[in-house]
1. Might you let me know whether the stretch 237-260 holds any residue that is in contact with a helix residue (DSSP H, G or I) (Cβ under 6 Å, 6 or more places away or on another chain) and farther than 26 Å from Gly295 by Cβ?
2. I'd like to check which helices (runs of 4 or more DSSP H) are fully inside the stretch 187-250 and have at least 2 residues that are modelled with pLDDT of 80 or more and loosely packed, with under 14 Cβ neighbours inside 10 Å.
3. Gly290 - would you say it is under 30 Å from Gln108 (Cα atoms) and either touching a Ser or Thr at 6+ places or on another chain (Cβ under 9 Å) or not polar (S, T, N, Q) (or both)?
4. For Asp170, indicate whether it is free of Cβ contacts under 8 Å to residues at least 24 places away in the same chain and away from the ligand (no atom under 16 Å from the Cβ).
5. State all residues of the stretch 82-110 that are touching a strand residue (DSSP E or B) at 6+ places or on another chain (Cβ under 9 Å) and among the hydrophobic types (A, V, I, L, M, F, W, C); if no residue qualifies, say none.
6. Are any residues in the stretch 273-286 surrounded by 13 or more Cβ atoms within 10 Å (Cβ to Cβ) and either among the β-branched types (Val, Ile, Thr) or over 13 Å from Leu253 (Cβ atoms) (or both), and if so, which ones?
7. Anything in the stretch 140-158 that is more than 11 Å from the ligand (Cβ to nearest atom), out of contact with any helix residue (DSSP H, G or I) (no Cβ under 7 Å at 6 or more places or on another chain) and not hydrophobic (A, V, I, L, M, F, W, C)? List them, or say none.
8. Considering (1) more than 16 Å from the ligand (Cβ to nearest atom); (2) hydrophobic (A, V, I, L, M, F, W, C); (3) buried (at least 19 other Cβ atoms within 10 Å of the Cβ), say which one Leu165 fails and leave the rest.
Amino acid sequence: MSGIFIGPGTASESAHEIDILLYILLGMAGFVVLLVFGLLILFSVRYRKGSSAPRGLLPRAISHEIELGWTSATLFLFIFIFAWAATTQVSALNQAPNAMEIHVQAKQWMWKVQQPNGAREINALHVPVNIPVHLIMVSQDVIHSFYVPALRMKHDVVPGRLNELWFTADKVGTYALRCAEYCGTNHSFMLGEVTVMQPDAYSRWAAAQPEGDNLAEEGQGLFVSLGCAGCHAAASRVHAPSLDNLYGRQVPLADGRFVTADEGYIRDSILQPRRDVVAGFQPIMPSFKGVVSEGQLQSLVAYIRSLGAEGASP
Ligand code: CUA
C-alpha cells in the first residue's frame with residue numbers, strides 16, 4: 001500500500017503501520033458520517049410535521065441494553081485504537097542495538113549531517129536500506145523539526161538537548177526531508193533529501209566522500225584545546241574521574257544514585273557538571289555551557305565514547 005491519500009510513498013515498516021491506522025480511522029470516521037447523515041435525512045422525512053409515524057417511548061431493550069452495548073463497544077474500540085497507535089509511535093523511539101549512528105545538526109537554515117566515517121553532507125542524508133539508523137540530533141539555535149514524510153517520521157530538534165530517533169528504511173529511493181517547525185525567515189527553504197541506497201552502493205558512496213575527521217577525532221583535539229585533558233588525563237594532578245571505558249558503564253553518584261553513562265549523561269556532565277557528581281569527587285569542574293557549540297559538544301561526546309570499550313565510536 002503506497003500512500004493513496006498521501007503523496008510521498010512509504011519507505012519503512014512503521015510507515016506502513018501508520019498508513020493502516022490512518023485508513024482504519026478514516027474508514028471509521030467515514031462510516032460514522034454516513035450513519036449520522038443517513039439517519040438525519042431518514043428521520044427528517046419520517047418524523048416530518050403531520051406524518052403518522054409512532055412517537056411514543058422506545059422499547060426498553062433499545063433504550064437500555066442496546067444503548068449500553070454500543071456505548072461500551074465504542075469505548076473499547078477506541079481504547080484498542082489508542083493502544084495500537086501509541087505502540088506504533090513508541091516503537092519509533094525503540095533503541096535498535098547496533099544501529100548505525102548518524103549525527104545531525106539543525107541550524108538556521110540547513111541540515112548538517114555527519115556520517116559514521118566522517119563524511120559530511122548538507123541538506124542530504126544517505127542511508128543504507130534495511131539497516132537500522134540511529135539519528136543523534138542537536139540544534140544550534142532554535143527549534144527545528146526533522147520530518148521525512150515517506151518514513152512518516154517527525155521529531156523536534158530542540159536546542160540544549162539531545163534528540164534521538166531510530167528508523168529502518170525498507171525501500172531504495174530518494175525522499176523529501178523537511179523542517180516542520182517554523183524556525184525563522186527561511187524556514188521554507190530548509191529542505192533536503194534522504195537517499196536510501198543498497199548497502200554496497202552506500203559503502204561506495206561513503207568511501208568516495210572527501211575525507212573529514214570523524215567526530216571522535218575532532219573531539220580529541222577539542223579535549224586537549226579546551227583543557228579537559230588537564231584534569232581528566234591519567235597523569236593529571238587534579239583529581240577528576242577517568243573517562244577511559246566510561247561509556248555505557250553504571251556510574252555511582254555522590255548522592256548514592258547510579259546513572260548509565262550514555263550520550264545524554266556525558267553531554268549533561270559537560271554542560272551541568274555539578275548536577276550528577278561522581279561519588280568520591282569534588283564538584284570543581286566548571287560548566288562548559290556557552291563555551292562549546294552544539295557541534296563541538298557532539299564531537300566531545302563522540303570522543304569520550306570512543307574511549308569506552310563498549311559501543312566505541314566508529
Ligand atoms: Cu528549521 Cu523550520
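1. Filtering the stretch 237-260 for residues in contact with a helix residue (DSSP H, G or I) (Cβ under 6 Å, 6 or more places away or on another chain) gives 238, 240, 243, 247, 259.
Checking the rest, the ones that are also farther than 26 Å from Gly295 by Cβ come to 238.
Yes: one or more hits.
2. Numbers: elements: 199-208, 215-225, 228-232.
Qualifying helices (runs of 4 or more DSSP H): 199-208, 215-225.
3. Values: under 30 Å from Gln108 (Cα atoms): yes; either touching a Ser or Thr at 6+ places or on another chain (Cβ under 9 Å) or not polar (S, T, N, Q) (or both): yes.
Yes.
4. Numbers: free of Cβ contacts under 8 Å to residues at least 24 places away in the same chain: no; away from the ligand (no atom under 16 Å from the Cβ): yes.
For Asp170, the condition - free of Cβ contacts under 8 Å to residues at least 24 places away in the same chain and away from the ligand (no atom under 16 Å from the Cβ) - is not met.
5. Ala92, Leu93, Ala96, Ala99, Met100, Ile102, Val104, Ala106, Trp109, Met110
6. Of everything in the stretch 273-286, those that are surrounded by 13 or more Cβ atoms within 10 Å (Cβ to Cβ) and either among the β-branched types (Val, Ile, Thr) or over 13 Å from Leu253 (Cβ atoms) (or both) turn out to be Val277, Val278, Met285.
7. Passing the criteria: Pro149, Lys154, His155.
8. It fails just one condition, (1).
The values are calculated or read from the model by the stated rules, or taken from the named source; none is laboratory data. Bear in mind the structure is a predicted one, so any value in this text is a computation, not a measurement. Glycine also receives a Cβ, built like all others from the backbone with ideal geometry; neighbour counts cover every protein chain displayed.
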